[in-house]
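**Q** Okay, handing you the structure first.
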Amino acid sequence: MMRGTRVAGAIALGTLGGLLAGSHGDAEETRWQIDPDKCIGCSHCSTYCVLDESAVKCVQCFDMCGYCDICTGYLDTNYDDVNTAAENQLCPTAAVVREFVEDKAGQRFYQYTIDEDACIGCGKCVKGCALMNGSLYLQVMHDRCVNCNECAIEKACPTQAYTRVPAEKPYLVKAQAQSLYESKLADEALAQDDPVAKLMRMVTMR
């Protein structure tokens with residue numbers, strides 16, 4: 001069964017962190033994680049992990065995604081046609097799944113999700129997506145990671161993107177995604193005519 005990986009607003013604020021922590025050492029205080037704002041998709045995550053299959057997988061932040069027809073995180077730079085044919089895909093294992101959403105004013109929109117079981121953490125889609133919205137990024141999956149004291153990927157990471165995070169909040173989001181989600185919450189509060197939230201919004205906009 002395909003396991004899809006996505007980032008929702010609740011994860012952005014860490015409220016699901018404890019639920020997603022996995023089964024490896026719940027008593028441990030910290031876990032390894034990738035700072036998505038430092039990661040460059042260098043491919044080391046797929047080759048340096050001590051596991052046969054890397055614990056690092058791509059995730060999708062839908063709040064940042066443009067649902068583009070021409071997606072640089074999905075299509076190979078030398079694609080022949082805009083379709084799901086393997087030769088047109090950037091991902092070597094077809095882990096990025098493309099599904100049609102709607103046709104609006106002559107423009108076609110697609111949703112891109114990650115087949116976690118197929119993903120090898122190579123970062124090709126992350127590097128490609130960075131050319132546009134940057135909604136795809138890598139995270140250490142804690143139902144897979146064995147939380148080594150010294151992580152081989154951390155040693156090889158060229159941008160020092162690997163860091164220790166609290167076990168109760170083991171996943172990170174991009175700063176842009178965090179900002180978008182907080183803005184969304186503020187807008188929802190304004191829509192409900194919450195006077196306190198309205199005042200806070202006015203102050204932060206100055």
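The values are calculated or read from the model by the stated rules, or taken from the named source; none is laboratory data. Being a predicted model, the structure only gives us computed values, none of them experimental. Positions of Cβ are generated from backbone atoms using ideal geometry, with glycine treated the same way; all protein chains shown enter the neighbour counts.
**Q** Among THR93, THR84, which is assigned to a loop (DSSP other than H, G, I, E, B), among the hydroxyl-bearing types (Ser, Thr, Tyr) and modelled with pLDDT under 95?
**A** THR84
**Q** Let me ask something additional. Has region 13-36 got at least one residue that is farther than 17 Å from CYS145 by Cα and at pLDDT 95 or above?
**A** Yes.
**Q** Tell me which residues, restricted to region 100-136, are touching a residue at least 40 places away in the same chain (Cβ under 8 Å) and assigned to a strand (DSSP E or B).
**A** Within region 100-136, PHE109, TYR110, GLN111, TYR112, THR113, ILE114, ASP115, LEU136 meet the criteria.
**Q** Run down TYR74, TYR110, TYR79 and say which single residue is assigned by TED's automatic domain parsing to the domain that holds ALA156 and under 30 Å from THR163 (Cα atoms).
**A** TYR74
**Q** Consider region 134-175. How many of its residues are surrounded by fewer than 18 Cβ atoms within 10 Å (Cβ to Cβ) and on the phi > 0 side of the Ramachandran plot?
**A** So the answer is 1.
**Q** In addition: Between THR159, THR84, which is free of Cβ contacts under 8 Å to residues at least 40 places away in the same chain, in the same structural domain as LEU51 (by TED's automatic domain parsing) and among the hydroxyl-bearing types (Ser, Thr, Tyr)?
**A** THR84
**Q** Could I ask something else about it? Please go through region 94-121 and pick out each residue that is surrounded by 19 or more Cβ atoms within 10 Å (Cβ to Cβ) and on the phi > 0 side of the Ramachandran plot.
**A** Within region 94-121, GLY121 is the sole residue that qualifies.
**Q** If the requirement is being within 18 Å of LEU131 (Cβ to Cβ) and either outside the structural domain of ALA156 (by TED's automatic domain parsing) or crowded, with 22+ Cβ neighbours inside 10 Å (or both), which of these qualifies: CYS45, CYS49, CYS91?
**A** CYS91
**Q** Same structure again: Would you tally the residues in region 133-160 being closer than 23 Å to MET64 by Cβ and among the acidic types (Asp, Glu)?
**A** So the answer is 0.
**Q** Looking at VAL56, VAL97 in this structure, which one is under 20 Å from PRO36 (Cα atoms) and either in contact with a helix residue (DSSP H, G or I) (Cβ under 9 Å, 6 or more places away or on another chain) or touching a residue at least 40 places away in the same chain (Cβ under 8 Å) (or both)?
**A** After ruling out the rest, the residue left standing is VAL56.
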